[in-house]
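In what follows, a structure is listed as structure tokens, so that the remarks can point back to it.
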Amino acid sequence: MTSFWTGERVRLRGIEPDDWAAFMRFATDEERLGDLLQPPRSAEGYRVWAREQAGVQPGGDCFQLAIEAVDTGEIVGTVGSHLADPRAGWFEYGVTIGADHWRKGYAAEAVVLLLRFMFAERRYHRCQARILAHNEASLSLHRRLGFTEEGRLRDHVFFAGRHHDLVMMGMLADEFAQLHSMSGL
């Protein structure tokens, strides 16, 4: 029997204290991509954050997981739900893949594993993602997965000295079920 959290290329797992260096690289990659501009954090700051994440008890609908390559055991990214409204039945998620692991299918598989859990096990009805309009790779990924562009918030995000559009993408549970197997085993 295969784990619900393991696909052909990736395994989703909890964050371990030793993952701090990978998350530090992911933050640098996001900044280079133009998706995030935050003040620099120290290596110790990442160590503390990773230790805290490793101690988080599972059970809620907002969580972050490490994406590990099945063939190498290397952490290649992160995926998680960061906003959820169980009463209304929607959640929002995000995915990040390290630059040296782009275009290998890791993000798509990790997202499908996460959505399968949230739709089938947590019984959410709707998923949404916010994507900066200039991030064509992420927009393309979401379209391939079956997300629909639901709107564009013009000049909604400010970073790197100017405003940027934010694209709202969404998928309903029945749309996911039509495109992707709801069985993880």
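The values are calculated or read from the model by the stated rules, or taken from the named source; none is laboratory data. Model, not experiment: these values are computed from the prediction. For neighbour counting, all protein chains shown are included, and Cβ atoms are generated from backbone atoms with ideal geometry for every residue, glycine included. Heads up: the accessible areas ignore ligands, DNA and RNA and are worked out on the full protein's heavy atoms, side chains in. Shrake-Rupley method; radii C 1.70, N 1.55, O 1.52, S 1.80 Å.
Annotations
- Count - residues of the stretch 134-156 that are under 19 Å from the mean Cα position of the chain (by Cα), in a strand (DSSP E or B) and of a type outside the set (D, E, K, R): 1
- Taken together, the criteria place residue 166 among residues that are within 17 Å of the chain's Cα centre (by Cα) and among the hydrophobic types (A, V, I, L, M, F, W, C).
- Of residues in the stretch 86-113 being in a loop (DSSP other than H, G, I, E, B) and touching a residue at least 40 places away in the same chain (Cβ under 8 Å), the one most open to solvent (accessible area, probe 1.4 Å): 104
- The one condition in (1) modelled with pLDDT under 90; (2) touching a Pro at 6+ places or on another chain (Cβ under 8 Å) that residue 39 fails to fulfil: (2)
Every residue, every condition in (1) surrounded by 21 or more Cβ atoms within 10 Å (Cβ to Cβ); (2) among the aliphatic types (A, V, I, L, M); (3) touching a strand residue (DSSP E or B) at 6+ places or on another chain (Cβ under 8 Å), yes or no:
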| position | (1), (2), (3) |
| --- | --- |
| 66 | yes, yes, yes |
| 73 | no, no, no |
| 76 | yes, yes, yes |
| 115 | yes, yes, yes |
| 123 | no, no, no |
| 127 | yes, no, yes |
| 140 | no, no, no |
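- Test: residue in the stretch 33-50 that is within 21 Å of residue 7 (Cα to Cα) and open to solvent by 30 Å² or more (accessible area, probe 1.4 Å): no
- Boolean, residue 58 is assigned to a loop (DSSP other than H, G, I, E, B), in contact (Cβ under 8 Å) with a residue 40 or more places away in the chain and over 16 Å from the mean Cα position of the chain (by Cα): yes
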